[in-house]
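Peer 1: Have a look at the structure that comes next, please.
The values are calculated or read from the model by the stated rules, or taken from the named source; none is laboratory data. Values in this document were obtained by computation on a predicted structure and should not be read as measured data. Glycine gets a Cβ as well: all are built from the backbone with ideal geometry, and neighbour counts include every protein chain shown.
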Amino acid sequence: MTRRAVFLDRDGVINKAIVREGKPYPPADLADLEILPGVPEALARLKAAGFILVVVSNQPDVARGTVRRETVESINAALGERLPIDEFVMCYHDSADHCPCRKPKPGMLLDAAARHGIDLASSFMVGDRWRDVAAGHSAGCRTVFLDYRYAEQQPAQVDCRVVSLLDAVPYLLS
């Protein structure tokens, strides 16, 4: 049986991103964490359809020293308690580290696929930034872009463009 996954960026897809000057940022701590509307329902529907749900997220503020790794892990734990997520995979590096896991590189998706026996060609990457979409394409997944019209680079090409994870569910299930 083919194992299919939906890879999900965290901030801006699962939980609300803090937008400053048109750019999204992760919540600074647990007090700022807010699950986006429709996310519990969307994830429940995807899980019921047999998808493995893997959160893949760049968290460069850890490398930059502005957020502690424990803070990121506590946010993940809180999300994991409330949502049917199978695994959280984080990249704690910054761009200058040139690691293979930092999106737009596909390392986090490839590693999770190897661990879970996931068929990437029948899987999806859902994100709200160009790096998410590029990582999904590099890994061989179909991509969904949540378009919040951030004041930054947009993805070159996407398979599906929507405004929320819940809006993406019909495409993901089709």
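Peer 1: Just need a number here: residues in region 136-160 that are among the charged types (D, E, K, R), surrounded by fewer than 17 Cβ atoms within 10 Å (Cβ to Cβ) and out of contact with any Lys or Arg (no Cβ under 8 Å at 6 or more places or on another chain).
Peer 2: Taking region 136-160 as the starting set, the residues that turn out to be among the charged types (D, E, K, R) are 142, 147, 149, 152, 159.
Pick out the ones that are also surrounded by fewer than 17 Cβ atoms within 10 Å (Cβ to Cβ) and you get 147, 149, 152, 159.
Going one step further and asking which of them are out of contact with any Lys or Arg (no Cβ under 8 Å at 6 or more places or on another chain), we end up with 149.
Count: 1.
Peer 1: Quick check on this structure: which one of Val133, Val126, Val169 is buried (at least 17 other Cβ atoms within 10 Å of the Cβ), on the phi < 0 side of the Ramachandran plot, outside any helix (DSSP H, G or I) and modelled with pLDDT of 95 or more?
Peer 2: Details: Val133 fails: outside any helix (DSSP H, G or I); Val169 fails: outside any helix (DSSP H, G or I).
Val126 is the lone residue from the list that is buried (at least 17 other Cβ atoms within 10 Å of the Cβ), on the phi < 0 side of the Ramachandran plot, outside any helix (DSSP H, G or I) and modelled with pLDDT of 95 or more.
Peer 1: Still on this structure, I have one more. Tell me, please, whether a residue that is closer than 22 Å to Gly136 by Cβ, without any contact (Cβ under 8 Å) to a residue 40 or more places away in the chain and among the charged types (D, E, K, R) can be found in region 58-74.
Peer 2: no
To keep it simple, each residue is scored yes or no on (1) surrounded by fewer than 19 Cβ atoms within 10 Å (Cβ to Cβ); (2) in a helix (DSSP H, G or I).
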{"residue": "Val19", "(1), (2)": "yes, no"}
{"residue": "Ala44", "(1), (2)": "yes, yes"}
{"residue": "Val55", "(1), (2)": "no, no"}
{"residue": "Ala114", "(1), (2)": "yes, yes"}
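Peer 1: Can I ask one more? Pull out all pairs, ordered by first then second residue, where Cβ-Cβ is under 6 Å, the residues are six or more apart or on different chains, the first lies in region 102-113 and is without any contact (Cβ under 8 Å) to a residue 60 or more places away in the chain, and the second is among the hydroxyl-bearing types (Ser, Thr, Tyr).
Peer 2: Pro106/Ser138
Peer 1: Follow-up question, since we're still on this one. Can you go through Ala42, Ala17, Ala5, Ala49 and tell me which one is at pLDDT 95 or above, more than 22 Å from Arg131 (Cβ to Cβ) and small (Gly, Ala, Ser)?
Peer 2: Going through Ala42, Ala17, Ala5, Ala49 in turn, just one is at pLDDT 95 or above, more than 22 Å from Arg131 (Cβ to Cβ) and small (Gly, Ala, Ser): Ala49.
Peer 1: Same structure again: Residue under question is Val62, and the condition is that it be among the β-branched types (Val, Ile, Thr), modelled with pLDDT of 95 or more, surrounded by 13 or more Cβ atoms within 10 Å (Cβ to Cβ) and part of a helix (DSSP H, G or I); does it hold?
Peer 2: Spelling it out, Val62 is indeed among the β-branched types (Val, Ile, Thr), modelled with pLDDT of 95 or more, surrounded by 13 or more Cβ atoms within 10 Å (Cβ to Cβ) and part of a helix (DSSP H, G or I).
Peer 1: Looking at Val67, is it closer than 22 Å to Ser174 by Cα, of a type in the set (Val, Ile, Thr) and assigned to a loop (DSSP other than H, G, I, E, B)?
Peer 2: The answer is no for Val67.
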